[in-house]
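**Student:** Take this structure, written in structure tokens, and hold onto it; I'll ask about it next.
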Amino acid sequence: MVFLTLDDLDNFFRRYAKQQGFGIVKAGGAYKQEKGKTLNERRNCTWKCESGGKPDARIRASSRLLNGVSGKGVKMANRKTKKVGCPVMLHAKVTKVGNGKSGM
């Protein structure tokens with residue numbers, strides 16, 4: 001598929017995700033650079049399912065990271081998480097299309 005802007009692709013993918021019953025988040029991207037200066041124009045972007053990845057089992061207590069055990073050896077309660085390892089991901093980059101304009 002070809003999209004003329006990242007916004008068009010973002011709107012399409014968000015509608016598709018909602019129709020299929022999952023949510024998405026922008027996971028990253030990069031801006032164009034010219035002669036060492038960053039331009040305010042994206043060159044690529046990545047979207048992922050909001051349930052993608054593994055749950056973080058570490059617990060923060062007193063500004064220290066713990067692995068489910070408090071400093072006194074007492075088991076701490078785990079938090080609920082949406083992370084279930086969902087593999088849905090979309091990566092898009094800006095390229096030149098046949099008419100010389102930028103497209104996705």
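The values are calculated or read from the model by the stated rules, or taken from the named source; none is laboratory data. Fair warning: this is a prediction, and the values are worked out from it, not measured in the lab. Cβ: placed from backbone, ideal geometry, glycine included. Neighbour counts: every protein chain shown.
**Student:** Which number in (1) modelled with pLDDT of 80 or more; (2) touching a strand residue (DSSP E or B) at 6+ places or on another chain (Cβ under 9 Å) marks the one condition that Asp8 misses?
**Tutor:** (2)
**Student:** Moving on. Scan the stretch 83-104 for residues that are at pLDDT below 80 and in a loop (DSSP other than H, G, I, E, B) and jot them down. It would help to see each step written out before you state the result.
**Tutor:** From the stretch 83-104, those at pLDDT below 80 are 96-104; that's our starting set.
Hits for the stretch 83-104 are Val97, Gly98, Asn99, Gly100, Lys101, Met104.
**Student:** I'm trying to understand the selection: among the residues of the stretch 8-31, which are free of Cβ contacts under 8 Å to residues at least 24 places away in the same chain, more than 13 Å from His91 (Cβ to Cβ) and surrounded by 11 or more Cβ atoms within 10 Å (Cβ to Cβ)? Break it down into steps so the answer makes sense when it comes.
**Tutor:** Of the residues in the stretch 8-31, the ones free of Cβ contacts under 8 Å to residues at least 24 places away in the same chain are 11-12, 14-16, 18-21, 26, 28-31.
Cutting the leftovers down to more than 13 Å from His91 (Cβ to Cβ) gives us 11-12, 14-16, 18-21, 31.
Of everything in the stretch 8-31, those that are free of Cβ contacts under 8 Å to residues at least 24 places away in the same chain, more than 13 Å from His91 (Cβ to Cβ) and surrounded by 11 or more Cβ atoms within 10 Å (Cβ to Cβ) turn out to be Asn11, Phe12, Arg14, Tyr16, Lys18, Tyr31.
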